[in-house]
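Single-structure report; data block below.
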Amino acid sequence: MSLVDTGVRAPTRPPAVTVLAWPAEADRAALLKAVGQARLLLVAADADPPEERDDMTDWVRLPVSHRDVMARVDALGRRGRPAPPWGDDDDVLRLGHRWAAL
């Protein structure tokens, strides 16, 4: 069996912010909240926004421009806890600007 290198790499670092449809993905939003993942909720035009709020959650009502979504994602990504450590394709463990070879 041979493996072919296509040059495409799967991301090995979790996204800083997860964008979710609200209320369609309410269960997934709750799971991500439990692990401290930042979330941007895209609230359906006919839906109420979530009642519970925390520093790692923001929401915007649809329709919304891509520019506004990206501004909120950027703001959410800057607050809260630092990203967890992650491993890259070169067997290096990274945490912020620090690293350790594995």
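The values are calculated or read from the model by the stated rules, or taken from the named source; none is laboratory data. Given the structure is predicted, the values throughout are model-derived calculations rather than measurements. In this analysis, Cβ positions are derived from the backbone assuming ideal geometry, glycine residues included, and neighbour counts consider all displayed protein chains.
Considering only segment 72-99, state which residues are more than 20 Å from A29 (Cβ to Cβ) and surrounded by 11 or more Cβ atoms within 10 Å (Cβ to Cβ). Residues satisfying the conditions are P85, W86, G87, D88, V92, L93, R94, L95, W99.
Condition check ((1) in contact with a strand residue (DSSP E or B) (Cβ under 9 Å, 6 or more places away or on another chain); (2) modelled with pLDDT under 85) across all residues:
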residue: A29; (1), (2): yes, no
residue: L32; (1), (2): yes, no
residue: E51; (1), (2): no, no
residue: P85; (1), (2): yes, yes
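Candidates are the residues of segment 54-73 that are in a loop (DSSP other than H, G, I, E, B) and closer than 22 Å to P84 by Cα; the one that is modelled with the highest pLDDT is M56. The sole residue among D89, D48 that is more than 16 Å from the chain's Cα centre (by Cα), part of a loop (DSSP other than H, G, I, E, B) and touching a residue at least 60 places away in the same chain (Cβ under 8 Å) is D89.
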